[in-house]
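Let me begin by presenting the structure, written as structure tokens, before commenting on it.
The values are calculated or read from the model by the stated rules, or taken from the named source; none is laboratory data. Only a predicted model underlies this, so the values are computations on that prediction, with no experimental measurement involved. Please note: Cβ atoms are built from the backbone with ideal geometry, for glycine as well, and neighbour counts cover all protein chains shown.
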Amino acid sequence: MSEKIRIALADDHPILLAGLCNLIEAEPDLELVGKGTSGQVALKMIREQLPDVAIVDISMPEINGITVARRLADECPNVRVVILTLYEERSFLNQALAAGAKGYVLKRSAAENLVRAIRVVHLGDIYIDPVVSDGVGDKVQADTPGRIGNILGLTDRESGVLKYSARGLTIKEIAGRLELSAKTVETYKARASEKLGLKTRAEIVRFAAAQGWLEEF
């Protein structure tokens, strides 16, 4: 029998925490190794237990889930963090991914999606709640590679063109850098913008900034 996936849970709502514990313990391939009701307690517990996956509420006393995710990315990079949240806005998703979280699950759908999210991130992929991923143009599947471009349904070419565009390069300049025709670059840009629901250059720039794309080149 293969080893169980070791799970840590952190949420400041006792009733929800108890429900999540029951959800985890009902799965034969999952093992609950710790739980906490504040960011500080959660961080200490996760550092000590080093679970495979840590489920962290985005809003907790003392230290919020985003900060916990960021610290764990630096201190315990092998622990994969799934953010549990009420927030469906793209800005919170972007913050979570930027902090190093590998999963983003809404509390209202945790009963249906949390266990799948755990298994997906444990395999090294990224999971975004379908309700949220619909809003960014792509439902994340279990085999989604862990790159931001692919998370959002973009090909490498599409994300590359969008990055250069956000940095202010013209279609002709992008074509020269990527050794493509201007028409092909325009097509990639249009496809990427459509997938992400971006209609103006200002929206492209804001989106690129949120992803950290403007510092990559």
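Taking region 186-217 as the range and being modelled with pLDDT of 85 or more, touching a Ser or Thr at 6+ places or on another chain (Cβ under 9 Å) and among the hydrophobic types (A, V, I, L, M, F, W, C) as the test, only Ala192 passes. Screening Arg47 on (1) under 19 Å from Arg6 (Cα atoms); (2) crowded, with 23+ Cβ neighbours inside 10 Å shows it passes everything except condition (2).
The residue of region 1-21 that is farthest from His122 (Cα to Cα), among those that are outside any helix (DSSP H, G or I) and free of Cβ contacts under 8 Å to residues at least 24 places away in the same chain, is Met1. Being assigned to a loop (DSSP other than H, G, I, E, B), at pLDDT below 90 and more than 30 Å from Leu17 (Cβ to Cβ), is that true of even one residue in region 120-141? Checked region 120-141: at least one residue is assigned to a loop (DSSP other than H, G, I, E, B), at pLDDT below 90 and more than 30 Å from Leu17 (Cβ to Cβ).
The rows are residues; the columns are (1) without any contact (Cβ under 8 Å) to a residue 60 or more places away in the chain; (2) farther than 24 Å from Ala208 by Cα; (3) hydrophobic (A, V, I, L, M, F, W, C).
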| site | (1), (2), (3) |
| --- | --- |
| Val56 | yes, yes, yes |
| Ser59 | yes, yes, no |
| Ile66 | yes, no, yes |
| Arg71 | yes, no, no |
| Asn78 | yes, yes, no |
| Val82 | yes, no, yes |
| Thr85 | yes, no, no |
| Glu89 | yes, no, no |
| Leu93 | yes, no, yes |
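The residues listed here are Ala10, Ala42, Ala26; of these, the one that is within 22 Å of the chain's Cα centre (by Cα), at pLDDT 90 or above, assigned by TED's automatic domain parsing to the domain that holds Glu75 and within 18 Å of Ala117 (Cα to Cα) is Ala10. Selection of region 62-98 for residues being closer than 17 Å to Asn113 by Cβ and in a loop (DSSP other than H, G, I, E, B) yields Leu86, Tyr87, Glu88. Every condition in (1) in contact with a helix residue (DSSP H, G or I) (Cβ under 9 Å, 6 or more places away or on another chain); (2) not basic (Lys, Arg); (3) not in a helix (DSSP H, G or I) holds for Ala42 except the one numbered (3).
Looking only at residues that are among the hydroxyl-bearing types (Ser, Thr, Tyr) and modelled with pLDDT of 60 or more in region 142-162, which one is nearest to Glu203 (Cα to Cα)? Top of the filtered list is Ser159. Listed by first and then second residue, the pairs with beta-carbon distance under 7 Å, at least 6 apart or on different chains, first residue in region 161-176 and within 15 Å of Leu198 (Cβ to Cβ), second of a type in the set (D, E, K, R), are Val161/Lys189; Leu162/Lys189; Lys163/Glu216; Tyr164/Arg177; Ser165/Lys189.
In summary, Leu72 fulfils each of the numbered conditions (1) on the phi > 0 side of the Ramachandran plot; (2) of a type outside the set (Ser, Thr, Tyr); (3) crowded, with 18+ Cβ neighbours inside 10 Å with the single exception of condition (1).
Residues of region 22-36 that are over 20 Å from Val120 (Cβ atoms) and surrounded by fewer than 18 Cβ atoms within 10 Å (Cβ to Cβ): Asn22 alone.
Just the residues that are at pLDDT below 90 and surrounded by 17 or more Cβ atoms within 10 Å (Cβ to Cβ), please, taken from region 169-179. Correct list: Leu169 only.
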